[in-house]
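Written out below as C-alpha cells is the structure these notes cover.
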Amino acid sequence: MSDLQPSSDARRWTKLRRLFDDVLAVEPGLRDDYLRRAADDDAMYAAVRDLVSVHDAFTGSDGTLGDANIANAFGGVLREAELARDQVIDGFRIERLLGEGGMGRVYLAQRHVAGVVQRVALKIVPFAVRERRTIERLRHERAILATLDHPNIARLIDAGELPDERPYYAMEYVDGIAITRYCDERALDLRARLALFADVCDAVAYAHRRLVLHRDLKPSNILVDRDGRVRLVDFGIAKSLEGIAANGEATVDGFFSVSSAAPEQVLGRASSVATDVYGLGCTLYELVAGSPPFRFTDAARETIVETIAHRPASPASDSASTNDGAARARQLPNGAALAIALRGDLDAIVARTLRKEPNDRYRSVDDLATDVRNVLAFRPIASRTSEWRYRFACFVRRHRVTALVAALLGIAVLATTAVSIAQYRRASVERDRAVQALAASRRVTSFLVDAFEAADPVKARGRELRADELLASAVASLENQAPSQDPALRATIAQTLAHLFFALDRLPESVRHAEIARAALAQVADPSAELRARQGLADAEAAFVQNRFGDAVAASTAAIERLGDGMRVDDGELLYDLWTIRGRANAGADARTEAERVYDAAIDLLSRRGDLPVEYVDRLRQRHATLISDNGKFAEAKALLADLLHEQQSRAGLDPAIQIETMRQLGVAYGRLFDYEQAAPYVIEAYNRHATIYGTDNAAAARLMSTMASLYMSLGRAAEALQLRARAIDVGLRRIGPTSPFIANLYDRMSTDYYYTLHDAERAEQMSYKALAATPPESLGNRGLLLQSFGEQLIAQGRRFEAEPITTEANRLVTSIYGEGADVGFVRADLAYIHFRKYDFDAARQLLAPFVIERASKLKKDNPWHVGRIAQMEEMKTFFGL
C-alpha cells in the first residue's frame, strides 16, 4: 500500500472540532436542537454531545478548556481507525498493534535500511492533539529524546510527521515484558528484584542528567528483554527540565497513568525530578509487595485525585502481609514472612519515594539508587544513619566475610606463636629461634593491624570498605614495606595472604603471593622447618591452581615429610591444609587410588590429634566420600556419608555448614544410584537449611541450587530444574564473577540438561559456548573437559566435521594435564570415532589404547549420557575385532 494520505478521520475531526466550538456559542437550552440539525450523522451528534458534557464538567471559572482536556474527552468518544497490517507510514510497514493510550497508538513496524530489516515501535500521535502549539512542543521534546544514549533506554530511531501534520516516533523495539511480570514469572527473590530496580534507577538518572523527565514511569514502561536487561521505554510524555524551569509549565495535559501519577500531576502543578522519583516508588512498591500502592477500579475522578494528592499509601509490608501468592513468587513461604522482610529499610525507602510533597522525596534518583544498593550491601540507608544500633547490625551483616578473613589471618598468626613457644619449651638449643619466631609472629600481627587501620572507614572519608578492599590494603602495605621488611616476616605474611587468596578462590593473587613468599624465603639464612613447610603449602596451592598437579603433590608431600611425626607437629591446621591439597592434587592428576590412600591416612592421623575441631576431620571424610563416588563406587560412598550424617546429627554445637554439605553429598550419592526419591529429601533439606541460616545470595547456595536442579531434571521436573539452574548462574555471576570454573560448570550442566534430557541441541550448544567463555584462561583442565563434552554432543548429532578440531584440542589439553587416565579415555574414544567415520582406520586404531577400551567398558548402559558412546565403542570394537 502507499504512504498514508490525509484521511476521512482527519476531515471528520476538523468538522467535529468546528461544530463543538459552534455549539458552545449557543445558549445551553438550545444546544441540542442546533446540534441535531448541524451534525452529519448520529455518530457525530453523539460525539459532540459527549464532548460538550465533558466540557461542562471540566471547565473552570473562566469558561475555557485546555487542549489537553479536549484531547482526553475526544479519545473517549471517537476512536481512530486502526492501521491495517502492511500499511506503509513514511517508509515503515505496519506489522501489528502493540498498544494504545492517551498519546496515541503504538504499532510494531519495520523498514529496510541498507538491506537490513529494522523493527521499531511506531507511535502515532492522535488527531486530538493536532494543534500547532502541541505539535511544536512535541517536535522540541523529540529532539531532546534523540540525545539519550544509554544501554537501559530504548533509543529514538527516527521521527517525522504525516501529511496531516500528526507527529510520529519510531523507537527501538524492545522484545521484552514488564518488569513486574518478568520477576513474578521467574520467582525472583527480593535481592534480584532490587538489583533490577537499581538498573532502572541508573537509566532514569541518566535521562535526568540530560535534562529529560519521563513522567510516566510504571511497570509496563519498564521492560526486561530476553537477556535479562531492563529497558526503559515510552518517553511519549517526556519533558525538558530546561523548559519546565524556564516556563514553570505544569502538567495540565493529563497524559499519565493514574496508577503511578504523582500528586503534582493530578493537581496540574509543575513536574520535577521528584515526579519520576514518585513513579519509581510506585513501581518499587509493586515489585516488592506484589500490588500497587493504590487501586482505582471504577473510582470516581474526585476520589482518584483526593487519594493520590492527600492519602498516604499503606506501608509496603502491610500490603504484603496477607498476600501469600506474592510471597511465594519471592521465594518466601507466606505473606507474613514477606512483611517481615519488607519492614525497616524497604518500607522506609518506599515511603520516602511516595511522600506527597515533592521536596520530601529523594532529592535525586541517584540518591534513591544509592539507598537500594545500600540494602543489597547491608549498609545503612540515608534516612536511618543516625540509629546506632541499626548501623551496628548493618556492620555485622556486611562484614561476615571480613570476620572470616580476620579469623583466618589470626589463626595463622596464633599458629606461628604456638610453634614458637613449643620450640622454646622443647629444648634450650632452640631458644633463640623460638624467640625470633615469636617476635616475627608479633610483627605479623602488627603488620596486619596497621594494614587494616589504613583502610579504616573514617580515614577513607566515611566510606565503609569491603573485605576485598581490606585485603587490597594489606597487599599494598606488603608491597610498600618491601625494602625495609625482614625477609622471614615478609615470607610469613606473603604465605598467609597466598593461602587466604586460595581459600577465597582469588587464584591469580594466590599464585603471585606464593612467588613473593618464595623470593623472600630465599633470603632467610636458616629458615625453620615450619616456615619451609608453609612455603610448601603455598607452592602446592599455586601449582594446583595452574593445573600442575604433579608439582602440587611433590610440594605438599615434601612439606609433610619436613614436619616429621604428624602427632608431634604443633600446628594441626597446617597439617590439615597440607594433607587436603595433597589429596586434591592426586585426584587432579587422576591418581585416584593414591588420593583415596592419602585421605585415609589424613583422617587417621588428624582423628588422633586433640587440637583440631571435629569439623576438620568431617571435611576430609566428605572429600574422601566424594572421591570414592567419582571412582564409581556409589554404594560405598553413600554408606560412608550416611554414617557421617548420623554422627553429626548426634553432636551438639556442630557448624551447620558442615552438616548441610554432608546432606547434599548424600543426596548426590543416592542420585548416582538412580534412587531419586531417596535423594530428594536430603538435597531439599540441605538447601532449605542453608537458605534459612545463610540466605540464598551466595556461592554455596548457588551450588545447592545446581544440585537441586540436577535432581529435579532426573525426576522429570524440567521447568523447575531450568529455573533453579538459571538462578544459580545469576547468583554465581554476581557473587563470583563472569569468569570462573564454578560458572563455567553451571553453564555446562545446563547444556547437558538441554541436550540429554530436553533434546534441545540448539540451546545446549549456546550453553556450551557460554561455559567456554566463562572459563578462566589458566583453567586449562576445565577447558579441556568442556571441549570434550561439547565435542561429544556434536558427534552425536553427526556433525563430526565441526567436532574434530574441538575434540582434538580437548585431547591435547586433557592429556597435558591428566596424563593417560580416566578422563583422557573418554576424549580419546570420541576422537577415535571421528577418525573411524572418516575411514581413517589406522588413526582410529592407534587411539584405541587398552586403557581407553577399559574405561569405555565401565560405562553404564542405563545412563542416558553413556548410550551414544557405548554404541560408538561397540561399533569400533566389532570392526577392529577388539
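Bear in mind that the values in this text are calculations on the coordinates, not laboratory data. Computed from a predicted structure; not experimentally measured. Reconstructed Cβ throughout: ideal geometry from the backbone, glycine too, with neighbour counts over all protein chains shown.
Order these by the 10 Å Cβ neighbour count, fewest first: M44, M876.
The most exposed by this proxy come first: M44, M876.
Of K15/K218; K770/K877; K123/K218, which sit over 25 Å apart, Cα to Cα?
Listed pairs above 25 Å: K15/K218; K770/K877.
Just want the ordering: S260, S650, S629, from fewest to most Cβ atoms lying within 10 Å of their own Cβ.
Details: S260 28, S650 7, S629 21.
Going from least to most buried by this count: S650, S629, S260.
In what sequence, highest mean first, do 175-183, 572-580 appear when ranked by Cβ atoms within 10 angstrom?
Numbers: 175-183: 19.0, 572-580: 22.3.
With the highest mean Cβ count within 10 Å placed first, the list reads 572-580, 175-183.
Starting from the Cα of E561, step 7 Å toward the Cβ, then list every residue of the range 513-554 with an amide N under 12 Å from that point.
Those under the cut-off are 554.
Residues of the range 579-610 with backbone nitrogen within less than 11 Å of a virtual label 7 Å along the Cα-to-Cβ line of E854, please, listed as ranges.
Inside the label zone: nothing.
Mind listing the phi-derived Karplus ³J(HN,Hα) values for the range 581-595, rounded to whole Hz, using 6.51, -1.76 and 1.60 with θ = phi - 60°, and x for any glycine or proline?
5, 5, x, 5, 5, 4, 5, x, 7, 6, 8, 6, 5, 5, 4
Give, to the nearest whole percent, the P(r) tail of the range 613-694 beyond 20 angstrom, counting all Cα pairs.
Of all Cα-Cα distances in the range 613-694, 28 percent exceed 20 Å.
Taking the highest mean first, how do the peptides 552-561, 278-287 order by number of other beta carbon atoms within 10 angstrom per residue?
Taking the mean over residues of other Cβ atoms within 10 Å, the ranking is 278-287, 552-561.
Rounded to the nearest 20 debye, what is the charge dipole size of the range 613-694 about its Cα centre when +1 sits on each Lys and Arg Cβ and -1 on each Asp and Glu Cβ?
Charge dipole of the range 613-694: 120 debye, to the nearest 20.
Applying 1/(1 + (r/R0)^6) with R0 = 51 Å to the Cβ-Cβ distance of F879 and I340, what FRET efficiency is obtained, to the nearest 0.05?
0.15
What's the extension gain from L715 to D655 if we count 0.36 nm per residue and subtract their Cα-Cα distance? Display every interim value, and only then the final one.
Values: separation 60, 0.36 × 60 = 21.60 nm, distance 3.09 nm.
Additional length available on full extension: 18.5 nm.
Give the calculated FRET efficiency between V614 and A382 to the nearest 0.05, with a Förster radius of 56 Å applied to their Cβ-Cβ distance.
Working: r = 46 Å, r/R0 = 0.82.
E between V614 and A382, to the nearest 0.05, is 0.75.
Please list the non-local residues whose amide H lies under 5 Å from the amide H of L98, H modeled 1.01 Å from N, same-chain partners needing a gap of 5 or more.
Placed amide hydrogens put V106, Y107, L108 under 5 Å from L98.
For the peptides 731-737, 605-611, 783-789, what is the packing order when you average, over each peptide's residues, the other Cβ atoms within 10 Å and list the highest mean first?
Per-residue mean Cβ counts within 10 Å order the peptides as 783-789, 731-737, 605-611.
Compute the separation of the alpha-carbon centres of the range 305-329 and the range 604-620 and state it in Å as a whole number.
53 Å
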